[in-house]
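Colleague: Handing you this structure, nothing more for now.
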Amino acid sequence: KSQIYPSAVARRRARPPPRLSSLFFTPSDLFLPHTKKTPARSAMGKPSIGRTEATIYCSFLLLCGVVYHFVSDGAYSGLVTLASAMHCMAFALLHVAIARRRVVTGVSLASLQMAAAAYVMRLTVTIFFSAYRPADSTGNHVYQLMDVAGLGALVLVLTGLPRSDFEKQTAVAWLVGAGVVMGALTYAQLSWRWYVNLLWMAALWVDTLSMLPQVRLTARMEVAHGYAAHYVACATLARIVGSVFWISVYDEFSYEVSWNYPGYSACFAFLVQVVLGSDFLVRYLIAATKQVLENDGGSLCFAV
């Protein structure tokens, strides 16, 4: 009988010890799909912050502290590097939401594709030329590394999504072309190479126009998944932080021009980003409160 019905002590002894990987967080959790149970939900139907999101937030705060005390000069231009780091964190959080096989609605694929194009144009300027880098020590390497990391996280997001049809890809191409044209009409003279000024201003306008598909999507959105709210909040705060710096130094764009039209156009573009980004955040959070989250994983859903 003791062999058929073992005692509780015998069952505990026969139980295998827990695996080490189940006790600690590993970097692979950021890149591999999650099949674990969902975090506990709050009364509003939103999930609590999981260990992966908490690790990303803690890593971001630790990185900001290290950069501020050991790399940065504490200059005001460090806000640009901070905004770039926040953008990187936003795309990392979005990748985590996708890796968990959740239903992620309310995020425009066209906006992400245009953001990637803006990253490429801006990195072409900041890596090889110094005209549009932050004036403090972070402008030498840290700012570029944050943009490269943000682009890498965005590429991971895009590679995990279904491709759009030809008509929607054409719309993205038209918006990118419109941003390049606006950059050609409003670029400044901070560098003696005209194409450097053109690329930076074009990146700004492409990044601004990338908000239009998102606004179109959020205007007709009824429900949204709460996990993507981390991405929405971080992306909006990153735009606000970056806009505060560039709007406050718009006089710098008046170099070698009779009328500071580059500075005013840059201020207008950043103000549009803040207004549309804030509208995106408010609409998404309102829609997220209407969505009832299920305990089991759902399918991946992206709109364009």
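The values are calculated or read from the model by the stated rules, or taken from the named source; none is laboratory data. Nothing here was measured: the structure is a model prediction, and the numbers come from that model. Counting neighbours? That spans all protein chains shown, and the Cβs are built from the backbone with ideal geometry, glycine included. Ligands, DNA and RNA are excluded from the accessible area calculation, which covers all protein heavy atoms including side chains. Shrake-Rupley method; radii C 1.70, N 1.55, O 1.52, S 1.80 Å.
Colleague: For segment 247-297, name all the residues that are open to solvent by less than 30 Å² (accessible area, probe 1.4 Å), modelled with pLDDT under 90 and assigned to a loop (DSSP other than H, G, I, E, B).
Modeller: The one that is open to solvent by less than 30 Å² (accessible area, probe 1.4 Å), modelled with pLDDT under 90 and assigned to a loop (DSSP other than H, G, I, E, B): 293.
Colleague: Within the bounds of segment 113-131, is there any residue that is of a type in the set (Gly, Ala, Ser), assigned to a helix (DSSP H, G or I) and in contact with a Pro (Cβ under 6 Å, 6 or more places away or on another chain)?
Modeller: Within segment 113-131, not a single residue is of a type in the set (Gly, Ala, Ser), assigned to a helix (DSSP H, G or I) and in contact with a Pro (Cβ under 6 Å, 6 or more places away or on another chain).
Colleague: Still on this structure: Identify, from the list 203, 184, 153, the residue that is surrounded by fewer than 18 Cβ atoms within 10 Å (Cβ to Cβ) and modelled with pLDDT of 90 or more.
Modeller: Result: 184 is the single residue among 203, 184, 153 that is surrounded by fewer than 18 Cβ atoms within 10 Å (Cβ to Cβ) and modelled with pLDDT of 90 or more.
Colleague: Another question, then. Can you go through 229, 203, 235 and tell me which one is in a helix (DSSP H, G or I), aliphatic (A, V, I, L, M) and in contact with a His (Cβ under 8 Å, 6 or more places away or on another chain)?
Modeller: Within the list 229, 203, 235, the selection yields 235.
Colleague: If you don't mind, there's one more thing I want to ask. Taking interchain pairs and intrachain pairs at least six residues apart, which have beta carbon atoms under 8 angstrom, with the first residue in segment 178-196 and closer than 18 Å to residue 251 by Cα and the second open to solvent by 60 Å² or more (accessible area, probe 1.4 Å) and in a helix (DSSP H, G or I)?
Modeller: Close Cβ pairs (under 8 Å, with a partner that is open to solvent by 60 Å² or more (accessible area, probe 1.4 Å) and in a helix (DSSP H, G or I)) amount to 186/261; 187/194; 190/252.
Colleague: Regarding residue 241, is this residue at pLDDT 90 or above, within 23 Å of the chain's Cα centre (by Cα), farther than 17 Å from residue 182 by Cβ and part of a helix (DSSP H, G or I)?
Modeller: Criteria met by residue 241.
Colleague: Looking at segment 49-80 only, could you name the residues that are open to solvent by less than 30 Å² (accessible area, probe 1.4 Å), at pLDDT 80 or above and not in a helix (DSSP H, G or I)?
Modeller: Within segment 49-80, just 77 meets the criteria.
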